[in-house]
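Report on the following structure.
The values are calculated or read from the model by the stated rules, or taken from the named source; none is laboratory data. Everything numeric here is computed off the predicted structure, so don't read it as measured data. Quick reminder, even Gly has a Cβ in these numbers, built from the backbone with ideal geometry, and neighbours come from all protein chains shown.
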C-alpha cells in the first residue's frame, strides 16, 4: 500500500496527550479533534504514562482519540521529542511512530499515526480496559 489515498495526517493518542491530560500540544501543532476510536493492542501502565503494544489479539483494544494535524512535519518535530522517538535511531527510542488502522466510534476505519512503546513491558501492569482515562481516574 502506498500513501496516496490514505489519510496520513491523522494521529491516534491514548494516554497523556488525550483531552483532560495535556492539551497545550494541540494548539502548538495545529491538531483538531476528529473523534474517539480504538486500535488492536494492549495498554500498559508504565508509571506516569501508558504504553501501547500492538498485538494480533483482536480481543484486546486500546481506546483513544484521533486528531487531524495541520502540519504533519511540525507536529512530528514536537511530538517525536515528547515521545522520545528518534527517527534516525528507532532502536534506541522509547516510542516509535507507526501507521495503523483505527476503528472509529461510527464503525469506519481510518489509518492514523500512533506512538507505540518500544521497550519490554515485563513487570508493567496491563490496563485491562484498554482505557487510560479509566486507569488514571482510578489511581488518583
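For region 3-28, a residue qualifies if it is modelled with pLDDT of 85 or more and in a loop (DSSP other than H, G, I, E, B), and the qualifying residues are 9, 14, 15, 16, 17, 18, 19.
Inspect region 110-120 for any residue being over 16 Å from the mean Cα position of the chain (by Cα) and either in a loop (DSSP other than H, G, I, E, B) or free of Cβ contacts under 8 Å to residues at least 12 places away in the same chain (or both) and give the result as yes or no. The answer is yes, given that some residue of region 110-120 is over 16 Å from the mean Cα position of the chain (by Cα) and either in a loop (DSSP other than H, G, I, E, B) or free of Cβ contacts under 8 Å to residues at least 12 places away in the same chain (or both). Here are some conditions: (1) part of a loop (DSSP other than H, G, I, E, B); (2) without any contact (Cβ under 8 Å) to a residue 40 or more places away in the chain; (3) touching a strand residue (DSSP E or B) at 6+ places or on another chain (Cβ under 6 Å). Residue 130 meets all but one. Which one does it not meet? Going through the list (1) part of a loop (DSSP other than H, G, I, E, B); (2) without any contact (Cβ under 8 Å) to a residue 40 or more places away in the chain; (3) touching a strand residue (DSSP E or B) at 6+ places or on another chain (Cβ under 6 Å), residue 130 breaks only (2). Taking region 73-89 as the range and being part of a helix (DSSP H, G or I), out of contact with any helix residue (DSSP H, G or I) (no Cβ under 9 Å at 6 or more places or on another chain) and either touching a residue at least 40 places away in the same chain (Cβ under 8 Å) or surrounded by 13 or more Cβ atoms within 10 Å (Cβ to Cβ) (or both) as the test, only 80 passes.
Residues checked against (1) more than 14 Å from the chain's Cα centre (by Cα); (2) modelled with pLDDT under 95; (3) under 21 Å from residue 106 (Cα atoms); (4) not in a helix (DSSP H, G or I):
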site	(1), (2), (3), (4)
48	yes, yes, no, yes
53	no, no, no, yes
56	yes, yes, no, yes
67	no, no, yes, yes
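Of the residues making up region 29-50, just one is over 18 Å from residue 132 (Cα atoms) and in contact with a helix residue (DSSP H, G or I) (Cβ under 6 Å, 6 or more places away or on another chain), namely 29. Return yes or no: is residue 47 on the phi > 0 side of the Ramachandran plot and exposed (fewer than 14 other Cβ atoms within 10 Å of the Cβ)? Yes; evaluated as a whole, the condition is true for this residue.
A single entry from 92, 99 fulfils the requirement of being surrounded by fewer than 13 Cβ atoms within 10 Å (Cβ to Cβ), out of contact with any helix residue (DSSP H, G or I) (no Cβ under 8 Å at 6 or more places or on another chain) and more than 24 Å from residue 126 (Cβ to Cβ): 92.
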